[in-house]
Each structure stands twice: as C-alpha cells, then as structure tokens.
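What follows is a single structure, written as structure tokens, with notes after it.
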Amino acid sequence: MSRKRKPENKGLPARWRLAHGAYYFQVPPGLEPQWDGKKMFRLGKTLSESYRTWSTRIEWEEDVKTIAQLLDRYLMDVVPSKAPKNQTLNTIWIKQLRSVFGEVTLNSIKPTHIYQYVDKRSQKKVQPDGRVTGGKTAAHREIEVLSHAFTKAVEWGYIDRHPFKGEVRLEGEKPRDRYVEDWEVLECLSLTSTRKKGSVLAIQAYIRLKLMTGMSRSDMLRLTASHCKDDGIHIQRHKTINSTGKRTIYEWTPELRAAIDMAKASRPALSPFLFCTRKGDGYINEETGESHSWDSMWQRFMDRVLKDTKVVIRFTEHDLRAKCASDATTLEHARALLSHADARTTDAIYRRKPERVKPLGGVS
C-alpha cells in the first residue's frame, strides 16, 4: 500500500513533492539520465513554472484512463495557450480538481458527481493561515476547467462523448449591477492634488478615457504612443488576441484628445506608455498578467474618494466600463465600444441602467 500523501502534496501529479519553497519530481529508478542524473529534480518555484519545466521533459502516454492523467495533458497542451493570469488560476484549480477526482476513470464520472462537488466546494472555509478558500465562484470556475478538459478528451480520442456537457445546470452567479452615477464621477474628478504629475491626475485621466471608450483595464494599461494614429486610437483586444482577434478604432473627438493629453501630462516619467510607473515602465507584468502597483494606486484613490467626497459606495474599474456601455445610446454602440464579438455579453453584463418604459393609457 502506498503511503498517504502529505497535505501540501495532495492534488499534485504523481511523484511531485513540495519542499523548501519549490516543487520537485522524484525520478523513477533508472530514469535519472533523463533528468540530469538527479533523483530529485527541481521543477520550479511556482506551479506554472513547474508544469512548463515538466512538459519539456516528459512524453505523453497514449493510454490516458484517469482524470488525473487527462488534467496533466490539459496542463501541458491547453493551459500554456491562455493568458498568464489564467494560466496561474488554472494550475490552482486543477490542483484542487486532482485532489478530488484524480483517481476517477474518464468513463466513471457522472453528472451527480459534479453537483456534489459544487455543493461541497461552494462552502467557504477559513484556513489556519487566515486564507478563505472555496465559494460558489471558485467551484464554478473549477468545473468549467474540468468540462473543457473533457471536451479535449473527446478531441484527443480518449472518450467518445462528454460525460456531463449539457446535462449539468449550475445555478448562475448573480451579475454585478452597480451603476456609477454621473454625480459620483464628478466627485472623483473634483479631487485636487498638490503635484502636477502623479497618481491622482493619472487616475482622473484614466477615468475620463475609460468612460469615453469603455476599454478594459488590460488594454488601457498597455496603451502606448504607437496606438494613437491619425484617425484615432487603434487597439486589438489583448484578451481575445488568440480567439476573435477583435480590432477597434476609437475615432478622435476633442474630448478624447483632451483625455489623452491629460494622461500624457500626468506621467511621472518619460515613457512610451500612456500610463506608467515612476520609472516609466508599464503597469502590466507580461509574465503574470498582473498589475499590482496599479491596483494598489486605484485602491488608495478610492479610499480618498470615500473619505473626501460625497461618494459612499466604492466602485471598480469594471463598473466604469459598464457605465460606458450603459450610457451608450444603443446596444450595438455599446458592443462596439467594448470590442465585444457578441452583443449578448454586452447586454447581460454591462448594460446596467434600468429600462425605461412608458405606461399604457388609462381606461377612459
């Protein structure tokens, strides 16, 4: 009987170990020459790095029978094609899925198992270190990954049909409905700064630009001078660059040019980026997809808004993107502003204004 795995190793691929802040692979006897002659091969410090290293040194077995084996191939073949941030999240979600479904064979999983997993996983738990794990959103994201892995299993020829696609109806998450009022925006723009450059002025320029264009944070923080051409601002959505490849040109207006000039004037350093750090670097870490310093700056700005203005309910950048879509005259205009391929996404998530309806005439 094999030894029970330690808690920190639960959910990891076979023969993986977490030790001294890094992930290691215990090399099977006789295969040491393939792993630089080592018995314990260091894969990497993070899960994403470790899976990338592992993928360059192993060859796939054609006979994939368990969900653990399927998830391993999914990590090697599919996850690397996703955005850096999604790669990190996927590796975390897959580790959780492996810990529950790892030994289950591909043909054994049933829709009832999915419902049971979501029900249990939706219950949030506070870990000894204070972290909160679980929750409905996490459960749904994990099942989405598992479902896509089974879709790939059909494509790869491991099974003939998806075992639960179209047969599981998970209760949807309540969409966010915060609508930022015009007066709240004016309150944010009324804040003053003692400096001619810096965070307050940069975020105010950012707010103006977002409300006119509806661009996502990812695209706005990647804006450079090269995006500003004679006929307008040219972007290709970073999120869908490998799928729809959606391109948008925001045509120049006096207000749009003024917002761009304001952003340039507020930069703390010379930089090709429209929004940059004190060193002139962009805020997006292209390796991870994160923008922690910008997120911190936004939080500090919102803290001051709540303290020094009449705004009492915090809002997010995503809420401003939704305001742009909500204020657009038509759904098609909103869709085009947000660079969506499908207007249904725009309507369901971003159009947040109540629908105005004229009542019928009374009985005469």
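The values are calculated or read from the model by the stated rules, or taken from the named source; none is laboratory data. Keep in mind the model is a prediction, meaning the values are calculated, not measured. Glycine also receives a Cβ, built like all others from the backbone with ideal geometry; neighbour counts cover every protein chain displayed.
Return the only residue of Asp129, Asp160 being modelled with pLDDT of 90 or more, over 28 Å from Leu320 (Cβ atoms) and not hydrophobic (A, V, I, L, M, F, W, C). Full working, then the answer.
Working: Asp129 fails: modelled with pLDDT of 90 or more.
Answer to the check: Asp160.
Filter the range 172-195 down to residues that are of a type in the set (D, E, K, R) and free of Cβ contacts under 8 Å to residues at least 24 places away in the same chain and give me whichever is farthest from Ile313 (Cα to Cα).
Going residue by residue through the range 172-195, those that are of a type in the set (D, E, K, R) are 173-174, 176-178, 181-182, 184, 187, 195.
So of that shortlist, the ones also free of Cβ contacts under 8 Å to residues at least 24 places away in the same chain come out as 174, 181-182, 195.
Numbers: Lys174: 19, Glu181: 11, Asp182: 14, Arg195: 27 Å.
My answer is Arg195.
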Inset, instruction - Return only the number of the condition from (1) more than 23 Å from the chain's Cα centre (by Cα); (2) surrounded by fewer than 13 Cβ atoms within 10 Å (Cβ to Cβ) that Val185 does not satisfy. - result: (2)
Inset, instruction - Report yes if Thr66 is farther than 30 Å from Ser291 by Cα, at pLDDT 90 or above and touching a strand residue (DSSP E or B) at 6+ places or on another chain (Cβ under 8 Å), otherwise no. - result: yes
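If you scan the range 263-278, which residues turn out to be in contact (Cβ under 8 Å) with a residue 40 or more places away in the chain, within 14 Å of Val200 (Cα to Cα), touching a Lys or Arg at 6+ places or on another chain (Cβ under 8 Å) and not aromatic (Phe, Trp, Tyr)?
First, pick out the residues of the range 263-278 that are in contact (Cβ under 8 Å) with a residue 40 or more places away in the chain: 263, 265-268, 272-275.
Subset that is within 14 Å of Val200 (Cα to Cα): 263, 265-268, 275.
From what is left, the residues that are touching a Lys or Arg at 6+ places or on another chain (Cβ under 8 Å) are 265-268, 275.
Matches in the range 263-278: Ala265, Ser266, Arg267, Pro268.
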